[in-house]
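Asks: Quick one: this structure, given as C-alpha cells, is what I'll be asking you about.
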Amino acid sequence: MQRRTTYGMAFIVATVLSLMLGAATASAQGYGTGTLGSSTTTPGPGEPFTVTGDGCAPGADVTFAIDGQAAGSTTADSSGNFSKTLTAPAAPGTHSVTATCGARVLSLEITVQASTTTPLARTGSNSTVPMTSIALVLLAVGGLLVLMARRRGASRSHSAN
C-alpha cells in the first residue's frame, strides 16, 4: 500500500510541477500606447490636413472627431497604422481632434488660423460717365481759351499795323 501511495504522490507532484513550469500565462494582446500626428497643426479655415496614427488593432475601425463632432472614419492596416484627410473647422481657434479605435482614444490639438486673405480695396467707380463728362468739359474750355488767345493775338497784330 505504501508503494501505491508513493507512486500516487510522485504522480501528483510531477503533474503540478509540469503545469507550473510548462504552462504559459495568458495575457491580452498589447498594441503599444499609440500616437496621433497631423500634417499641420495650424491649418487655415476649411483647409484639408492629414491625421496619421498607430497603436490600433490590425483591421480595427478608426473613427475621427473634431470637437466631438464626427469627421470621418477609416480602417487600421495590418500593423495597426491609419491615416485620414480631414477638413479644418471654419472657426479660428484651438480645436480637439480625436481618433478612436476600440477602447483606445488618441487625441491632438490643432489651431485654425484666421483667414489672411482680405478683399481688394475699392479704388474707382463702376461708371465712366462722370469722368468722361468732366474730360469733355475741360477739352471744350481749353479749346475756347486757345480760340480767345488767338483772336486777342490777331486783333493786336491788326491794330499795330
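Taken together, the values in this text are just the output of simple stated rules run on the coordinates, not laboratory data. None of these values were measured; they are calculated from a predicted model. All Cβ positions, glycine included, derive from the backbone under ideal geometry; neighbour counts span all protein chains shown.
Asks: Spelling out what I want: for every residue of segment 75-87, take phi, set θ = phi - 60°, compute 6.51 cos²θ - 1.76 cosθ + 1.60 (Karplus), and round to whole Hz; glycine and proline get x.
Replies: Taking θ as phi minus 60°, the curve returns 10, 5, 6, 5, 9, x, 8, 8, 7, 7, 8, 10, 10 Hz for segment 75-87.
Asks: Give me 109, 47 ranked fewest to most by other Cβ atoms within 10 Å of their Cβ, as a rough exposure proxy.
Replies: On the way: 109 10, 47 13.
Neighbour counts put them in this order, fewest first: 109, 47.
Asks: Which ³J(HN,Hα) values, rounded to whole Hz and listed in residue order, are derived for segment 97-102 from phi using the Karplus coefficients 6.51, -1.76 and 1.60 in 6.51 cos²θ - 1.76 cosθ + 1.60 with θ = phi - 60°, glycine and proline given as x?
Replies: Taking θ as phi minus 60°, the curve returns 10, 10, 10, 10, 9, x Hz for segment 97-102.
Asks: What percentage of all Cα-Cα pairs in segment 35-112 are separated by more than 14 Å?
Replies: Values: 1630 of 3003 pairs.
Counting pairs separated by more than 14 Å, the tail of P(r) holds 54 percent.
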